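Novice: Got a structure here, written out as structure tokens. Questions coming.
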Amino acid sequence: MRYFEDLAVGETLELGSVAVTEDEIVEFATRYDPQPFHIDRAAAGRSVFGGLIASGWHTCSLYMRLLATGLLNDTPSLGSPGVDEIRWDVPVRPGDTLTGSVTLLEARTSRSRPDRGIVKSRGELRNQDGATALRIVAISLIGRRPG
């Protein structure tokens, strides 16, 4: 278990990788973001993207999965009050493999709840070519070491 006190500002953690399939792209988008360039291969081919791409929200979900299994599940995570920035720099396409990382930017003890710390981080997903598909700056609440 890594408590708030164990996290170092400036530390970068590699979170692992995830492969993206066409079926997953279409399934997610059909349910949550049914724009033609996410759900219809022919329509996507005629779009400005020239082919099927993942929803940005799907991309965020993939990052969240890697963040949870690569860091948060090994901390006393207390949720998040929000996200400061999300950027989708290049589209995610079927067959891409995305690799995640998170860099800890700031950390401070909560003034109103001293049993927890507030951590600001920058997350990234990079595709197999090294292009950044997602940049996200978010806040996490992490429990402090008991006693």
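The values are calculated or read from the model by the stated rules, or taken from the named source; none is laboratory data. Not measured: the values here are computed from a predicted model. Positions of Cβ are generated from backbone atoms using ideal geometry, with glycine treated the same way; all protein chains shown enter the neighbour counts. Only protein heavy atoms, including side chains, enter the accessible area calculation; ligands, DNA and RNA are left aside. Shrake-Rupley method; radii C 1.70, N 1.55, O 1.52, S 1.80 Å.
Novice: With a 10 Å cut-off between alpha carbons and a GNM built on the chain, which of 122, 113, 41 moves the most?
Specialist: Among 122, 113, 41, the largest mean-square fluctuation in the Gaussian network model of the chain belongs to 113.
Novice: Now for a different question. Give me the accessible area of residue 80, 1.4 Å probe, in Å² rounded to the nearest 10.
Specialist: 70
Novice: Moving to a separate point now. For segment 1-132, what does the accessible surface come to per residue with a 1.4 Å probe? Please give it in Å².
Specialist: Ligands and nucleic acids excluded, the result is 55 Å² per residue.
Novice: Provide 108, 116 ordered by accessible surface of protein heavy atoms (probe 1.4 Å), highest first.
Specialist: Details: 108 110, 116 40 Å².
Descending order: 108, 116.
Novice: About the Cα centre, and with charges only on the beta carbon of Lys, Arg (+1) and Asp, Glu (-1), how big is the dipole of segment 1-125? Nearest 20 debye, please. Each step should come with its number before you reach the end.
Specialist: Working: 13 positive and 18 negative charges, 69 e Å.
Using Cβ point charges on Lys, Arg, Asp and Glu, segment 1-125 gives about 340 debye.
Novice: So if I average 1/r over every pair of distinct C-alpha atoms in the chain and take the inverse, what Kirkwood radius in Å does that give?
Specialist: Numbers: mean 1/r = 0.0615 Å⁻¹.
This gives a value of 16.3 Å.
Novice: For an R0 of 22 angstrom, estimate the FRET efficiency from the Cβ-Cβ distance between residue 145 and residue 85 and round to the nearest 0.05.
Specialist: Taking R0 as 22 Å, the efficiency between residue 145 and residue 85 is 0.15.
Novice: I've got another one for you. At 1.4 Å probe size, with no ligands or nucleic acids counted, give the accessible surface of residue 1 in Å², nearest ten.
Specialist: 140
Novice: Which values of log₁₀ I(q)/I(0), to two decimal places, follow from the Debye formula for segment 23-85 at q = 0.18, 0.20, 0.21 Å⁻¹ with a uniform point scatterer at every Cα?
Specialist: The Debye formula, applied to the Cα set alone, gives -0.71, -0.79, -0.82.
Novice: Would you calculate, for the chain, the mean residue ellipticity at 222 nm contributed by helices, counting each DSSP H stretch of 4 or more residues as -39,500 (n - 2.57) and dividing by all residues, to the nearest 500? Before the final figure, lay out the partial values.
Specialist: Numbers: 4 runs with 36 residues, N = 147.
After summing the helix terms and dividing by residue count, I get -7000 deg cm²/dmol.
Novice: I've got another one for you. Within the chain, what whole-number % of the accessible surface is contributed by carbon and sulfur, with the 1.4 Å probe and all protein chains included in the calculation? Please report the intermediate quantities before stating the final value.
Specialist: Working: 4000 of 7980 Å².
Reported share for carbon and sulfur atoms: 50 percent.
Novice: Specify which residue in the list 80, 130, 60 is farthest towards the positive end of the charge dipole of segment 59-147, using unit charges on the beta carbon of Lys, Arg (+1) and Asp, Glu (-1), about the Cα centre.
Specialist: The Cα lying farthest towards the positive end belongs to 80.
Novice: In degrees from 0 to 90, rounded to the nearest 10, what is the angle of the helix 56-70 Cα long axis to the longest principal axis of the chain?
Specialist: 40
Novice: While we're here: If you take the C-alpha gyration tensor of segment 89-147, multiply each eigenvalue by 5 and take the square root, what semi-axes do you get, largest first, in whole Å? If you can, show how the numbers build up before the last one.
Specialist: On the way: eigenvalues 214, 20, 12 Å².
So the equivalent ellipsoid measures 33, 10, 8 Å along its semi-axes.
Novice: Taking the simple approach of a point 7 Å from Cα along Cα-to-Cβ for both residue 35 and residue 113, what is their distance in nm?
Specialist: 3.4
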